[in-house]
Amino acid sequence: MATPPTWLAVLAVLPVVAMMLALAWFGWQEWSARSRTRTSPVHAAAWAMDHDELARAIHALTDRERELLGAGDVDAARAVAVDRDICVAVAERRQDVS
């Protein structure tokens, strides 16, 4: 049995290495996003709210984001969307725990 050329072996390993690097990068992105979420004052406030109050806050943040987008203030709308996403994540986490 003949051994494959070295260049062919290296070529065969490249997709595996690329996949590992992609998984590491996406894992890092997810970890950094979660760690920022947990240190946010919005996160602490969302955990302090009861279920109905949190649902109302999510609805109010969604309405506020739409208003800001309608007014053309995209940066403020993005900031509100981040806060809303944190509240949604807390609500989903509460459902997973119960």
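What the table below lists for this structure:
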{"item": "Odd one out for Pro15, checked against (1) touching a helix residue (DSSP H, G or I) at 6+ places or on another chain (Cβ under 6 Å); (2) exposed (fewer than 10 other Cβ atoms within 10 Å of the Cβ)", "result": "(1)"}
{"item": "Looking only at segment 70-89, and only at residues there that are farther than 16 Å from Ala60 by Cβ and of a type in the set (Gly, Ala, Ser), the one that is surrounded by the most Cβ atoms within 10 Å (Cβ to Cβ)", "result": "Ala89"}
{"item": "Among residues of segment 31-40, those that are surrounded by 10 or more Cβ atoms within 10 Å (Cβ to Cβ), more than 12 Å from Val82 (Cα to Cα) and modelled with pLDDT of 70 or more, counted", "result": "2"}
{"item": "For Asp52: the one exception among (1) more than 14 Å from the chain's Cα centre (by Cα); (2) surrounded by 15 or more Cβ atoms within 10 Å (Cβ to Cβ)", "result": "(2)"}
{"item": "Condition check for Val10: modelled with pLDDT of 90 or more, assigned to a helix (DSSP H, G or I) and of a type in the set (Val, Ile, Thr)", "result": "no"}
{"item": "Filter result (in contact (Cβ under 8 Å) with a residue 24 or more places away in the chain and more than 15 Å from the chain's Cα centre (by Cα)) within segment 70-98", "result": "Arg94"}
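The values are calculated or read from the model by the stated rules, or taken from the named source; none is laboratory data. Every value quoted in this text rests on a predicted model; they were computed, and no experiment measured them. Cβ sites come from the backbone with ideal geometry, for glycine too, and all protein chains shown count toward neighbours.
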